[in-house]
């Protein structure tokens with residue numbers, strides 16, 4: 001791949017992540033194209049290239065809409081993220097929720113999610129990667145299917 | 001990949017996979033797993049080309065360090 005293509009993919013990746021952080025939603029490829037000085041179709045194709053290079057995220061099936069761009073998610077999940085008292089983000093999953101802290105340096109990031117068994121809340125607060133608060137204290141992470149080739153479906157479980 | 005109030009809550013979840021008993025991880029270990037070096041560079045302008053490709057090896061190294069070396073965690077096919 002040409003160096004210029006790699007740099008443009010890096011720039012689009014950064015724009016998507018920055019857009020999610022700033023607004024709580026992923027940008028559309030037409031917006032990305034304009035920001036990067038590309039044509040709309042060129043931007044759409046570049047988005048697909050970026051998602052191929054970042055396969056832990058995905059587009060909504062049969063569309064060009066960014067559904068998931070971990071650690072954040074465009075499509076709402078039960079993992080609500082709050083920063084500075086504002087709750088406008090969603091994490092891709094419970095595991096990725098613990099990585100959102102790295103998108104908000106120096107800030108306390110609060111993860112709130114209902115337990116899938118009882119619906120009561122699980123709350124985690126982190127700052128710069130450090131756990132500040134876990135409620136209840138016995139809260140755990142759980143991987144329902146193995147990683148990689150042995151994993152099952154759906155992928156977010 | 002979910003958070004539960006406790007292991008017992010996870011086991012009571014209607015979609016709990018009985019073959020996932022190995023799938024529990026404590027919050028401190030989880031924070032470490034998702035706090036390895038590459039994660040700290042997600043805001044870098046070259047994250048996709050320079051850091052993301054290092055992520056898989058880094059994850060395996062961390063999982064090995066905390067003793068999660070089964071195919072379930074390392075992503076190798078079941079025997």
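The values are calculated or read from the model by the stated rules, or taken from the named source; none is laboratory data. The model shown is predicted, which means the values in this text are computed figures rather than measured ones. So basically every Cβ, Gly included, is an ideal-geometry build from the backbone, and we count neighbours across all protein chains shown.
Could you say whether any residue in segment A:133-143 is at pLDDT below 95, more than 26 Å from residue B:43 (Cα to Cα) and within 7 Å of chain B (Cβ to nearest Cβ)?
Yes - at least one qualifying residue is present in segment A:133-143.
Within segment A:100-121, take every residue that is within 19 Å of residue A:144 (Cβ to Cβ), touching a residue at least 24 places away in the same chain (Cβ under 8 Å) and buried (at least 18 other Cβ atoms within 10 Å of the Cβ) and give me the one that is nearest to the chain's Cα centre (by Cα).
A:111
Quick one: would you say residue A:49 is part of a strand (DSSP E or B) and at pLDDT 95 or above?
Answer is no for this residue.
Residue-wise test of (1) at pLDDT 95 or above; (2) part of a loop (DSSP other than H, G, I, E, B).
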site	(1), (2)
A:44	yes, no
A:55	no, yes
A:67	yes, no
A:78	yes, yes
A:87	yes, no
A:111	yes, no
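Tell me, which residue of segment A:13-42 that is farther than 16 Å from residue A:104 by Cα and outside any helix (DSSP H, G or I) is nearest to the chain's Cα centre (by Cα)?
A:26
Are any residues in segment B:1-26 buried (at least 20 other Cβ atoms within 10 Å of the Cβ) and within 12 Å of the chain's Cα centre (by Cα), and if so, which ones?
If the condition is that a residue be buried (at least 20 other Cβ atoms within 10 Å of the Cβ) and within 12 Å of the chain's Cα centre (by Cα), then B:1, B:2, B:23, B:25 are the ones that fit.
How many of the residues in segment B:27-50 are at the interface with chain A (Cβ under 7 Å from one of its Cβ atoms), surrounded by 17 or more Cβ atoms within 10 Å (Cβ to Cβ) and touching a strand residue (DSSP E or B) at 6+ places or on another chain (Cβ under 8 Å)?
Of the residues in segment B:27-50, 3 are at the interface with chain A (Cβ under 7 Å from one of its Cβ atoms), surrounded by 17 or more Cβ atoms within 10 Å (Cβ to Cβ) and touching a strand residue (DSSP E or B) at 6+ places or on another chain (Cβ under 8 Å).
Of all residues in segment A:58-79, how many are free of Cβ contacts under 8 Å to residues at least 40 places away in the same chain, surrounded by fewer than 23 Cβ atoms within 10 Å (Cβ to Cβ) and within 12 Å of another protein chain (Cβ to nearest Cβ)?
2
Report yes if some residue within segment A:39-54 is touching a strand residue (DSSP E or B) at 6+ places or on another chain (Cβ under 8 Å), touching a residue at least 40 places away in the same chain (Cβ under 8 Å), under 20 Å from residue A:81 (Cβ atoms) and away from chain B (no Cβ under 14 Å); otherwise report no.
no
If residue B:3 passes every condition in (1) in a helix (DSSP H, G or I); (2) in contact with a strand residue (DSSP E or B) (Cβ under 6 Å, 6 or more places away or on another chain) but one, which one does it miss?
(1)
Among (1) crowded, with 16+ Cβ neighbours inside 10 Å; (2) outside the structural domain of residue A:122 (by TED's automatic domain parsing), there is one condition residue A:89 misses while meeting the rest; what is its number?
For residue A:89, the exception is condition (2).
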